[in-house]
Amino acid sequence: MRIPKSVALIIAIPTKAIAATPTSNSLDELRPCRARTSALTATTTQLPSPTVVQSQEETTTAGSSCAVAGVGETGFAVALTRAAMGGDCKEVVVSGRAVIDAAIVMTDLKDLTITFTGSIELKADLAYWTKNSSSDEAGSRYWSALKAYQNNRGVFVVGGSDVRVRGRPADGTADKVQYFGHGDILSGATDKPVLFHLYNCTRCEYSGFHHVDPPFWSLMVANSQQVNVSDYAATVSGDWKNTDGIDLYQSQDVMLQNLDLQVTDDCIAVKGGTSKVSARGIQCGKRCHGVSVGSLGQYTDTTPALDSVRDVVVEDVTLTNCTYGARLKSWTGDTTGKMHGGLTGGGGSAEVVNIAFRNFTIVNGQSAAIVLDTCYGGDETSPDCNGHSSKVSFENVMFDGFRGETTGHKGRFAELVCSGVCKNVTVQDFKCSGSAAKCDGLDKSLLTGLQCTSLTDSAVPSKMKTSAATQVSMPARAKNV
């Protein structure tokens, strides 16, 4: 969708109107905050001095509300940072077309609301983001820290405490603010940009946005606590890969609700170090890979506590044209595991405890509805990963209430293989086209409704391959408001 250009950008901050056009495009100027990671030393960069200008349009300030209006092609990164980090604003309202022309990293915000009423757009410049996302200049330390985790980079990073980032369209014709990621262009970057990060954020909210064509993972919550993501959508129109809808990493007390994620990879991915997650009212589609826990155990230099996942409930999910329904993934115990996209690793340790997937409806599924894969990156033709059993353990995992139609995988509609230690993995109320299942290393008495064969069996008995497709009444599509 082509968006018309708007007028020059002006910020209204109490007592002053501030020019939005930066005097330089340096990374130091565009990241005037302290980026905190466990592995790196914190740094502080001073805010650029504001320049008082004469504006051709009126700028207004109501109390502690500051306006960023008439956003054009350049200057937004500096303008938003000045308003948000200046200390005078309790709310920053951004109207018009906001073009992210340089990385925005603001991780020390306090009691602030940032409201977008127009649209957001990532600068569609592959050469620019490739160059800048590879930089180790001061101010990019946050990026460098997360690059070690599956090659992701942030372009819009928010952190602090009591921070609310909201999309509230001004014209009233849509229920979300659109954020254009130009994935058709930027998915070719070496280190791909993630459209939005909540990082080191406590009591934070992200709501009311529609990410259109993210080039990589769409939204990431990392090292954060007490986070609420709601009324959020992501849509991928092309065929590029690794477009997760939302990723959670080393975060606690996260609520996800009312999401519509039409993506080509994990709809939701709960990654290491994450606990106390509640997700409900989720629509997944396009060619998504379902709702995933993992992958875990990729890195041997990560302590088990930082790679473990606990206390996760995902319920009331509808998946359309997706590969899987719910999936848990742990890497092989061999450190030479390999996966698509150049990912390597394995041999790491972790624990997965108290996971519940409930009330999943599958429409035109493309593989097994439920999956426990503990040889990720290794030999998946052997129950013990060819002698390299996963070092990730699973305890109290439940698949409850799976209904719908799926093609299955090699005649099986559930694939549950535990190469290491697994306790109390249960299946109940499973009605997805058939009951044939691959089951290894588990107590089969807990897998209600599945007709299990082993991975080493030469074939699935014909009577177990398929049954009449179960007709289910589809729940109403979750309304995003």
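Relative to the compact-globule estimate of 2.2 N^0.38 Å, the Cα radius of gyration of the range 285-371 comes out at 1.19.
Can you give the net charge of the other residues whose Cβ lies under 11 Å from the Cβ of N396, counting K and R as +1 and D and E as -1?
Net of charged neighbours comes to -1.
Taking other residues whose beta carbon is less than 10 angstrom from the beta carbon of N386, and scoring Lys, Arg as +1 and Asp, Glu as -1, yields -4. If Rh is defined by the Kirkwood formula over all Cα pairs and Rg also comes from Cα, what ratio Rg/Rh do you get for the range 358-454? Rg/Rh: 0.96.
Counting charges near L372 (Lys, Arg +1; Asp, Glu -1) among other residues having Cβ under 10 Å from its Cβ returns a value of 0.
Where a number appears in this text, it was derived from the coordinates with a stated rule and is not lab data. None of these values were measured; they are calculated from a predicted model. Methodologically, a virtual Cβ is constructed for each residue, glycine included, from the backbone with ideal geometry; neighbour enumeration extends over all protein chains shown.
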